[in-house]
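First the structure, in the form of structure tokens, and then the observations on it.
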Amino acid sequence: MTDLQDEIAHEIADNTILVYGKGTKDAPRCGFTLETIQFFSAFGYPFEVVDVLENMPKRQALAELTDWPTLPKVFIKGQFYGDTDILEPMARSGELGTLLEGAFAGSGVTPTIQLR
Amino acid sequence: MIDEATIAGMLRATLPDAEVRVFDLTGTMDHLEVFVRASVFAGVSPLDRHRMVERALAPARADGRIHALQIRTATPEG
């Protein structure tokens with residue numbers, strides 16, 4: 001495993017909800033990254049955003065890992081979920097709420113906002 | 001910039017019966033939402049459906065004709 005792959009593996013393992021995007025949580029630099037931040041802010045669980053805009057080697061490694069060419073890329077509890085194109089229908093069906101409840105169960109974390 | 005007919009043509013190369021609708025999000029025809037209905041999506045996960053669409057449109061991504069893309073998919077059954 002390269003250092004880059006190792007770094008990615010740790011980030012995915014360390015963050016229950018992880019977004020690889022363009023820009024930071026406070027200063028997103030892409031409309032879809034902003035949309036993803038707003039999406040998870042509405043859910044109210046903690047999430048991490050890792051800015052890879054300027055890091056082409058890491059973007060390449062992530063694309064190979066996920067077979068997904070674009071940013072943002074979302075991981076929930078170590079599993080890849082694509083982007084909000086995938087997550088929005090899951091949110092509407094209630095599937096994502098259940099998934100997040102399970103992902104944070106026993107962690108002592110509760111959402112700051114209740115949508116349902 | 002790209003047009004709906006070109007996108008539909010690229011998609012139908014691998015998704016032969018694809019029904020394609022393109023929505024221009026910014027008025028510049030390079031930030032797009034594409035809706036694709038195809039029978040081959042049956043039994044395919046949302047992630048893999050998106051991969052299939054991205055793969056079919058990869059040339060237009062690579063040369064910048066499509067800058068940003070939102071994808072929605074469906075099967076003929078729904």
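From the phi angles alone, apply the Karplus equation (6.51, -1.76, 1.60; θ = phi - 60°) to the stretch B:21-28 and give each ³J(HN,Hα) in whole Hz, x where the residue is Gly or Pro.
10, 10, 10, 7, 7, 10, x, 10
Treating only the Cα positions of chain B as identical point scatterers, give the base-10 log of I(q)/I(0) from the Debye formula at each q in 0.13, 0.14, 0.22, 0.26 Å⁻¹.
Here log10 of I(q) over I(0) equals -0.33, -0.39, -0.96, -1.30.
Could you work out the helix-only [θ] at 222 nm for chain B, with each DSSP H run of four or more residues adding -39,500 (n - 2.57) and the total divided by the number of residues, to the nearest 500 deg cm²/dmol?
Only helices count here, giving -10000 deg cm²/dmol.
Add +1 for every Lys or Arg and -1 for every Asp or Glu among the other residues with Cβ under 13 Å from the Cβ of residue A:2, and state the total.
-3
Could you give the C-alpha radius of gyration of the protein assembly as shown expressed as a fraction of 2.2 N^0.38 Å, taking N as the number of residues it contains?
In units of the 2.2 N^0.38 Å rule of thumb, it is 1.06.
Whole-Hz ³J(HN,Hα) for each residue in the stretch A:98-104, computed from phi via Karplus 6.51 cos²θ - 1.76 cosθ + 1.60 with θ = phi - 60°, x for glycine and proline: what do you get?
5, 4, 5, 4, x, 5, 9
Mean residue ellipticity at 222 nm from the helices of chain A, using -39,500 (n - 2.57) per DSSP H segment of n ≥ 4 over the full residue count, to the nearest 500 deg cm²/dmol?
Using -39500 (n - 2.57) per qualifying helix, the result is -14500 deg cm²/dmol.
Less than 15 Å Cβ to Cβ from residue B:28, Lys/Arg counted +1 and Asp/Glu -1: what total charge do the surrounding residues give?
Net local charge, residue B:28 excluded: -4.
Coordinate-derived values only; no laboratory data. Because the structure is predicted, anything quoted here is derived from the model rather than measured. Cβ: placed from backbone, ideal geometry, glycine included. Neighbour counts: every protein chain shown.
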